[in-house]
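Have a look at the structure below, then the notes.
The values are calculated or read from the model by the stated rules, or taken from the named source; none is laboratory data. As the structure is a prediction and not an experimental result, all values here were calculated from the model. Note that we place each Cβ from the backbone using ideal geometry, even for glycine, and neighbour counts take in every protein chain shown. Ligands, DNA and RNA are stripped out before the accessible areas are found, and what is left, the full protein with its side chains, is counted by its heavy atoms. Shrake-Rupley method; radii C 1.70, N 1.55, O 1.52, S 1.80 Å.
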Amino acid sequence: MIVTRFRPAVIRLPAAFSRRHTYVSCAKRFMTSGHSLPAPAAAMKTSVLGSLTNELDKIAPCFEVEAEKIQIIRNPADFYSALKKRILKAKRRIFLSTLYIGNSEHELIDTLRQALRSEPELRVSILSDALRGTRESPNASCASLLASLVAEFGEDRVTIRMYHTPNFTGIKKKIIPKRLNEGWGLQHMKLYGIDDEIIISGANLSTDYFTNRQDRYHIFSCQRLTDYFECIHNTVCSISYRVLPGPRGVGGYVLDWPESNPVPAPVEEPEKFKIAATSLLNPMIQLSEIGQSPISTQAKTIVYPLGQFTPLLHPDDTSTEHPALSAVLRALTEDHAASSRWVFTAGYFNIHPQLKTLLLKSKSAKGTGCNMLPPAYTLLSRRFLDDVVKCGKKDRIELREWKKGVHGKDPNAWTYHAKGVWVTISGEDRPSITLVGSSNYTKRSYSLDLEMNALIVTKDEGLKKRLESEVGWLQENTQAVTVKDFQRTERRVSLKVRLALWLVGALGGQL
């Protein structure tokens, strides 16, 4: 609907719209929408963004990025083309964080292989999820596909890591089927870094995401921002299993826990794993203020990297995504937001209760939620609409269903995986705030998965136009749905689906 060796590197993280610059020493490891009435003056627009960024500055690091250095890609084919083009031109580094790489993505692997052969100094690091990446074993899997790169180029040039959640151990790991084990937590970040550029998306790396599964894709050409995301990538790699080539009889790979990992294995000592992981991740996402520099008067666009690492932060959750998004949505509940508009979209429409409450409390004149509706999420979407009616907001908040053909019946049908938030502040015509990344904004995203996102706040008219266009094309294949639509026979959710929803929750999982 509409998560070995240390080389110290210093990253300078500038903050615009505020008065702070932050510095951090990082260890690199290589192993639904709403409307408001017009604001009375332009000063109101500036103060709204200013007060919001002042609050965001207290939550997360930020980077000033030139607006023209942010490119928005429209469709899966262009995303795949941009990714391959950049891989082939890579000189120094490629780091890819994804849920999985499809087990038949030989073209993508060959592209990486070609880049490695062309540039002897190039290093490649790939992070995926251990549960999803080995699901097909002993048949061909993400793990076996990636192990072939290590076999050819060696560990000095290619590092493959797979994160395993500490929440799926013991008896659960023995009895829960592979098709359901993802409900207890995943590595869900989608970070595709090549040299000094980073593609932030919600898309995984498989054929459907390259052809007919709609997502969002933002390319940031900024070395410091890319350095920061690489630090996040490398830190999670250091607490993940290493993938090495193995005999075909066991799937063609071996999952190994190196002694150099600074934490115990998650399936053996999950609580100690969490405590050690906390000490590594906290400095990355909660940056202390070390120095100050005068604010750049020309700063028009800033980017806040927002991470959600709840399953790894013990005992206090210092994640930044949920607090920052809450701050943005809370601003929509204030009187000055009476003519603002918001659009909220997720491929799986199961909004976290706190975020849903803020959306329903918004003073915005119009709000839009966009999504695609598989059976389980049909039930959850209906509940959302019921809440909209109860709050008396049915004339101000609409739910739109995305559909491009009938999946399973139409060979040319597409599916929908985009997620994000766009906010147009009072008195303006185009979005000046957006959140892009891996999160689905669900209970699962905020309790079990590893997520990474970028919150963009801009005063640049060119970038706002591009954000407006993005919202537009994502809604091209949508139509409004109402409570009456969900009452039709074909929309009724089966008892089997309802029981599955209950079972996942009862066993500690989440959708």
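A few points about this structure:
- The one condition in (1) over 16 Å from residue 444 (Cβ atoms); (2) modelled with pLDDT of 95 or more; (3) not in a helix (DSSP H, G or I) that residue 178 fails to fulfil: (2)
- Residues of the stretch 408-440 satisfying the condition of being of a type in the set (S, T, N, Q), at pLDDT below 95 and not in a strand (DSSP E or B): 412, 426, 440
- Applying a threshold of 6 Å to beta carbon distances and a minimum spacing of six or more residues, or different chains, the list of pairs starting in the stretch 237-259 at a residue that is assigned to a helix (DSSP H, G or I) and ending at one that is open to solvent by 60 Å² or more (accessible area, probe 1.4 Å) is empty.
- Search result, residues across the stretch 251-268 that are open to solvent by 30 Å² or more (accessible area, probe 1.4 Å) and either touching a helix residue (DSSP H, G or I) at 6+ places or on another chain (Cβ under 9 Å) or on the phi > 0 side of the Ramachandran plot (or both): 254, 255, 262, 264, 267
- Enumeration of residues in the stretch 408-420 that are open to solvent by 10 Å² or more (accessible area, probe 1.4 Å) and under 24 Å from the mean Cα position of the chain (by Cα): 414, 415
- Cβ-Cβ distances below 6 Å connect no pair with a first residue in the stretch 416-435 that is at positive phi, a second residue that is crowded, with 23+ Cβ neighbours inside 10 Å and among the aromatic types (Phe, Trp, Tyr), and a separation of six or more residues or different chains.
- The lone exception for residue 369 - which of (1) part of a loop (DSSP other than H, G, I, E, B); (2) under 21 Å from residue 332 (Cβ atoms); (3) modelled with pLDDT under 80 it fails: (1)
- Screening residue 284 on (1) open to solvent by less than 10 Å² (accessible area, probe 1.4 Å); (2) at pLDDT below 95; (3) of a type in the set (A, V, I, L, M, F, W, C) shows it passes everything except condition (1).
- The residues on offer are 484, 465, and the sole one that is out of contact with any Leu (no Cβ under 8 Å at 6 or more places or on another chain) and at pLDDT below 90 is 484.
- Selected residue (only one of 55, 64, 121, 105 is at pLDDT 70 or above, touching a strand residue (DSSP E or B) at 6+ places or on another chain (Cβ under 6 Å) and acidic (Asp, Glu)): 64
Conditions tested, residue by residue: (1) at pLDDT 95 or above; (2) over 28 Å from residue 325 (Cα atoms).
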site: 60; (1), (2): no, no
site: 72; (1), (2): yes, no
site: 81; (1), (2): yes, yes
site: 87; (1), (2): yes, yes
site: 92; (1), (2): yes, yes
site: 129; (1), (2): yes, no
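- Single match in 157, 113, 135 (criterion: under 24 Å from the mean Cα position of the chain (by Cα), surrounded by 15 or more Cβ atoms within 10 Å (Cβ to Cβ) and of a type in the set (D, E, K, R)): 135
- Residues located in the stretch 333-357, provided they are among the hydrophobic types (A, V, I, L, M, F, W, C), surrounded by 20 or more Cβ atoms within 10 Å (Cβ to Cβ) and over 25 Å from residue 218 (Cα atoms): 337
- Boolean, residue 84 is open to solvent by 70 Å² or more (accessible area, probe 1.4 Å) and closer than 20 Å to residue 191 by Cα: no
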